[in-house]
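Here's the structure we're looking at; comments come further down.
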Amino acid sequence: MSDELGLTAQPVLTLERKRNPRDDLRSLARLARRFGVAAIVVGNPLHLSGDLSPRTAKTHALAADLGALTGLPIHLWDERLTTREAHRILYEAGHPRQQHRRVVDQVAATLILQSFLDGRKDASLDKQATGEGG
């Protein structure tokens, strides 16, 4: 989740995946309603080269289904190296590696959202600097 101004990302919780993907989508939709979400950012799994990965098509389909279910805008955002960065952050914070599994996805999701928020802020500043969208 982000703050109301869309400046900072904070973790909320980690959902445990269900056997049926529709159940996962319904859980996400309930959370979006509960927190008054205006848009959803979904990590886009790309190879380090930027090429599409085998998971990309599945992720895009899931994102489209989530958008249809919630009626909210869905933004796909590059998730490359976020899990590695999350492990680094946890390690530097003094968390033993064996305890990372519980929270690494939450940290990685926060990094993805923060990157999206920062990218949106940078794009807005670029527009202001060039006189667009004034």
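The values are calculated or read from the model by the stated rules, or taken from the named source; none is laboratory data. Since we're looking at a predicted model, the values are computed, not measured. A quick note on method: Cβ atoms are made from the backbone with ideal geometry, for glycine too, and the neighbour counts reach across all protein chains shown.
Return the residues of the stretch 16-47 that are surrounded by fewer than 13 Cβ atoms within 10 Å (Cβ to Cβ) and over 20 Å from residue 71 (Cα atoms); say none if nothing qualifies. Correct list: 16, 17, 18, 19, 20, 47.
Being closer than 18 Å to residue 113 by Cβ, hydroxyl-bearing (Ser, Thr, Tyr) and within 14 Å of the chain's Cα centre (by Cα) is not true of residue 70. When residue 62 is tested against (1) out of contact with any helix residue (DSSP H, G or I) (no Cβ under 8 Å at 6 or more places or on another chain); (2) surrounded by 14 or more Cβ atoms within 10 Å (Cβ to Cβ); (3) farther than 22 Å from residue 123 by Cα, only condition (1) is not met. Name the residues in the stretch 37-65 that are small (Gly, Ala, Ser), over 16 Å from the mean Cα position of the chain (by Cα) and part of a loop (DSSP other than H, G, I, E, B), would you? Answer for the stretch 37-65, where residues must be small (Gly, Ala, Ser), over 16 Å from the mean Cα position of the chain (by Cα) and part of a loop (DSSP other than H, G, I, E, B): 49, 50, 53. If you filter the stretch 103-134 down to residues that are of a type in the set (A, V, I, L, M, F, W, C) and either loosely packed, with under 13 Cβ neighbours inside 10 Å or over 23 Å from residue 40 (Cβ atoms) (or both), you find that the one that is modelled with the highest pLDDT is 123. Within the stretch 69-80, identify whether any single residue is part of a helix (DSSP H, G or I) and of a type in the set (A, V, I, L, M, F, W, C), and answer yes or no. Scanning the stretch 69-80 turns up at least one residue that is part of a helix (DSSP H, G or I) and of a type in the set (A, V, I, L, M, F, W, C).
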